[in-house]
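Only one structure is covered here, and it is reproduced in the block below.
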């Protein structure tokens with residue numbers, strides 16, 4: 001399942017967590033967990049997104065832009081808008097961070113090991129994953 005498909009499914013499931021029936025809440029949580037896993041995400045990613053959103057003023061949280069991370073007026077960089085030098089700096093900075101999942105660490109290591117010309121030919125899914133990882137790094141205060 002793509003990240004966008006998982007996002008759509010999770011968005012529909014979240015309101016069901018408010019049910020008065022424990023079984024429905026547990027089943028919904030498990031369904032969300034499966035959707036996250038199929039997109040290469042987990043509950044830690046949900047917690048990081050929630051934390052970064054809840055630490056902002058209401059005006060930023062309700063913004064139509066979905067790329068807000070970290071401090072209120074700052075926006076995380078987006079892979080396609082970075083120069084080759086900036087991409088290298090971000091990859092080097094996040095390459096061995098302790099907060100990366102095993103999958104993310106392997107993914108970033110694989111990207112770092114590629115020839116620079118190959119980095120220009122990443123799939124849309126790979127770019128989405130890199131944006132998510134860079135966004136998390138940015139929300140933790142990392143800047144390049």
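Laid out as a table, the results:
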quantity	calculated
Virtual spin-label span in nm between residue 44 and residue 127, 7 Å along Cα→Cβ	2.7 nm
Relative contact order (percent, whole number), the range 79-139, Cα cutoff 8 Å, 6+ residue spacing	42 percent
Prolate/oblate/rounded label for the range 79-139 (Cα gyration tensor, a/c 1.5)	rounded
Fewest-first sequence of 136, 34 by Cβ atoms within 10 Å of each Cβ	34, 136
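Since every read-out is calculated from the coordinates, none of them should be taken as a lab result. Since this is a predicted model, take the numbers as computed values, not measurements. Cβ atoms come from the backbone with ideal geometry, glycine included; neighbour counts cover every protein chain shown.
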